[in-house]
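Trainee: If you scroll down you'll find the structure; I have some questions about it.
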Amino acid sequence: MAQLAVAETGSVLLGSNETADRLPAKFSLTHLVIVHADRIAGTLDDAAPALRALATAGPRQLRAMSFVTGPSRSADIERVITVGVQGPSAMHIVVIDGETR
């Protein structure tokens, strides 16, 4: 589950203190991310207070966080674009609203 999403860039913030929680985002071919509607910020500037709160020392601090914005894109010396060289080749974001169990 994403900690935060940014509408402006289509990015999600993934974070966990457990290595096993971070591995699927790096090694899966398709990455499905769930985010609560109330955790969507309009811009990166709007997301700053939530980032500060997640990084503040204490029991809820996340020591490993990263923004993910879809599949990676790389080009070789001939400018041929390759999608998904590092990480998944597709990312899908599911927004949920309301209470969860």
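Trainee: So what is the 222 nm mean residue ellipticity for the chain from helices alone, if each DSSP H run of at least 4 adds -39500 (n - 2.57) and you divide by all residues, rounding to the nearest 500 deg cm²/dmol?
Mentor: -6000 deg cm²/dmol, from helical runs alone.
Trainee: Over the chain, what number does the Rg to Rh ratio reach, with both radii from the alpha-carbon atoms and Rh per Kirkwood?
Mentor: 1.01
Trainee: Any idea which of SER66, PRO49, ALA7 is furthest toward the positive side of the dipole for the chain, if Lys and Arg beta-carbons carry +1 and Asp and Glu beta-carbons -1?
Mentor: Toward the positive end, the furthest listed residue is SER66.
Trainee: If you put +1 on each Lys and Arg Cβ and -1 on each Asp and Glu Cβ, how big is the dipole of the range 4-96 around its Cα centre, in Debye rounded to 20?
Mentor: 220 debye
Bear in mind that the values in this text are calculations on the coordinates, not laboratory data. What you are looking at is a predicted structure, and each value in this text was computed from that prediction instead of being measured. Cβ: placed from backbone, ideal geometry, glycine included. Neighbour counts: every protein chain shown.
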